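Working notes for the structure below.
Rule-based calculations on the coordinates, nothing more; no lab input. Since we're looking at a predicted model, the values are computed, not measured. Ideal geometry is used to build each Cβ from the backbone, glycine not excepted, and the neighbour counts take in all protein chains shown.
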Amino acid sequence: MANSLVPVVLLAAGTLAITSMARADTLVPYTVVGDGIPQSLTGRPGDAARGRALVLDRTSTCILCHSGPFPNVKFQGDLAPNLAGVGSRWSASQLRLRLVDASRFNPATIMPSFYRVDGLVHVGQNWRDKPILSAEQIEDIVAYLATLRD
Amino acid sequence: MKRACAMLVAALLVAAAPLRAAEIPPDQRRSGYSFMGPDSKAMQDDDTANPGMLWVLDGEALWNKRPGAANNACADCHGDARASMKGVAARYPAFDKALGRPVDLEQRINLCRAQHQQAPALDYESHDLLALSAFIANQSRGMPITPDGDSQLAPFIARGHELFMQRQGQLNLACANCHDDNWDKRLAGAAITQGQPTGYPMYRLEWQTLGSLQRRLRGCMTGIRAQAYNYGAPELVELELYLMSRAAGMPIETPAVRP
């Protein structure tokens, strides 16, 4: 009886290991310290110029809700704070966690968690198990936002 | 001191919570029409400029045609739609006793085709189904939305309400996050609106054609990167039902024009 349980337990342990490996494949692990993520998700600093292009690209979704210090860009949203001066208000570490998972600060926020795949419901097939932005894209945007100083 | 602060913050959060996701008070409800510019309003108001009227006219022709083996036109049973269809679209989706569930206007048309005309079902968003539903709904133009009072609808309306409040998709947003809580704001420069279903099927300039409420709902679901329900799915009918109950008393505008 006890012997017959062993393979089941091993199988279960194996499944768990595979699950956590899959999760690790999807998202780079990160460590929250205080109200931020001090370490770059990629281990490298992001590229602010690429970050600016990403913020202005509607498919990244930033300017659907936010406006910002880019007067020539049409069709900015007003659902969320203006991004002007955001680099003075928050450190890179704080910006990174706000992009990764803003719901940690306010569960009722409408800001999506850009680097989270769990706790989501009824995600469309094309987007399932993928974060909204990649680790590289998060770092590029953090680098750009850090330049928006008062 | 720290603890007192934390408790104060918690109390404020609890107190603030009901302010979000609150239903829109009846006196603040607004049709999508009121968010439009003067050009789009003028296009809707003038039947000779409103592109949706082309579908209404085609629908009138179909009303008198005999499409199936039973050799019955809609008009053979229902007579003049101007009298018999007046107010019908204002109370749909309605409870179907035989099916034991709500059906929307498009499904009612197809049930009629199957049962009384022995004609094949029309696909959602097909020209003929849009034309017939536009013609029928146009007979209720100006009449207040008056939901079907059948008490057996209650659990379906409740499910529609739950779906409206449920966050979903990769962007993790509920209908209510925009259409209850932020309808006075702009998403990428476009007015968000309250999502009141007063003018369907409607001519959307972005679509360059007429479309159903289910098409609009599916578009929103794709926008938040959720898996859109299939046309005719019970969830979409439940959402339609909840939206119509939420808009009770607002006048029907079919065919509306929207950006």
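With only the Cα atoms considered, segment B:30-259 has a convex hull volume of 116 Å³ per residue.
Taking amide hydrogens as placed 1.01 Å from N in the peptide plane, the amide H of B:MET202 sits under 5 Å from those of B:GLY211, each at least 5 positions away in sequence or on another chain.
Could you give me D for segment A:28-146, from Stokes-Einstein at 20 °C and 1.002 mPa s, where the hydrodynamic radius is the Kirkwood radius over C-alpha pairs? Units µm² s⁻¹, please. It comes out at roughly 146 µm²/s.
Inside 10 Å of the C-beta atoms of B:165-175, what's the mean count of C-beta atoms belonging to other chains?
Taking all residues of B:165-175 together, the mean is 6.
Counting Cβ atoms of other protein chains within 10 Å of each Cβ in B:180-190 and taking the mean gives 5.
If we count other beta carbons within 10 Å of each Cβ, what is the order of B:PHE95, A:PHE75, fewest first?
A:PHE75, B:PHE95
Note on chain B: GNM, Cα springs under 10 Å; of B:PRO147, B:PRO93, B:PRO38, the largest mean-square fluctuation is that of B:PRO38. For the protein assembly as shown, the tally of Lys pairs with Cα-Cα distances below 25 Å comes to 6, considering only residues 8 or more apart or on different chains.
The orientation-averaged projection of the convex hull spanning the C-alpha atoms of the protein assembly as shown amounts to 28.9 square nanometres.
Note on segment B:74-165: Rg/Rh from C-alpha atoms, Kirkwood Rh, equals 0.98.
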